[in-house]
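Reviewing the structure listed below.
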Amino acid sequence: MTRQRAAAETWKIKPMPAAHKTLVVDGGYTPEEFAQISLGFIPQDQQDKWFIYLAGEWLHFHRSWTGSCIFQLQLLPVDDHYETRQAIVNRDPEQYRSADDAQDVKLISHLIDDLLLGRFSVFPTPRGLSTADQQRHQALVMGKSGGDGLRLAVKGNGRS
């Protein structure tokens, strides 16, 4: 099954608010990984909490229900791969409550690994949560149940 490429027009979205922060992000992807990432992610049902699309050199992450832009990640071609150098993170408390820069960088990486590349990734749970709260937090953020990094298949995203 071929995935449809996500684009800004595919979903009802909001721009990144004025209250945001730029973070340094150091990472890289192969051309094959970039090709997968560039398809983005279009929600197929209510349990899919994210809409993700690539526009130019920026990967945009929006909450599917509200359309709020939570993250933007810059992906730059460098030699024979793609590098991440910076991310813009929503800091409007009406749209996104996190203020933990390190946690946000981990979540961006997890979203790419889990939703776009379809590979196992342990969900980055904030410190200090009970096991039950960890599972509730994961379901709120990802729309999936289960803890301990369990990734459940998301219907309609082209993965088996």
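Starting from the 7 Å offset along Cα-to-Cβ, what nm value, one decimal, do you get for the label separation of Leu117 and Asp100?
Taking the two extended label points, one gets 2.2 nm.
Please report, in debye to the nearest 20, how large the charge dipole of the chain is about its Cα centre when each Lys and Arg carries +1 at its beta carbon and each Asp and Glu carries -1 there.
Details: 18 positive and 19 negative charges, 124 e Å.
With only Lys, Arg, Asp and Glu charged at Cβ, the dipole is about 600 debye.
Along Cα→Cβ, 7 Å out, is where each label goes; now give me the distance between the ones at Arg5 and Asp79 in nm to one decimal.
2.8
State log₁₀ I(q)/I(0) for the chain at q = 0.19 Å⁻¹ as given by the Debye formula over alpha-carbon point scatterers of equal weight, solvent excluded.
-1.35
What FRET efficiency comes out for the pair Lys12/Leu140, r = Cβ-Cβ distance, R0 = 25 Å, nearest 0.05?
Working from the Cβ atoms, E equals 0.75.
So what is the relative contact order of the chain, in percent, for Cα pairs below 8 Å that sit 6 or more residues apart? Each step should come with its number before you reach the end.
Working: 279 pairs, mean separation 37.5, N = 160.
Averaging sequence separation for qualifying contacts and normalising by length gives 23 percent for the chain.
Of Gly27, Trp50, Gln72, whose Cα points farthest to the positive end of the dipole of the chain (charges on the beta-carbon: +1 Lys, Arg; -1 Asp, Glu; origin at the Cα centre)?
It is Trp50, whose Cα lies furthest towards the positive end.
No lab work stands behind these numbers, since they all come straight from the coordinates. Keep in mind it's a predicted model, so treat the numbers as computed, not measured. Because the Cβ atoms are built from the backbone with ideal geometry, glycine has one as well, and the counts that use them run over all protein chains shown.
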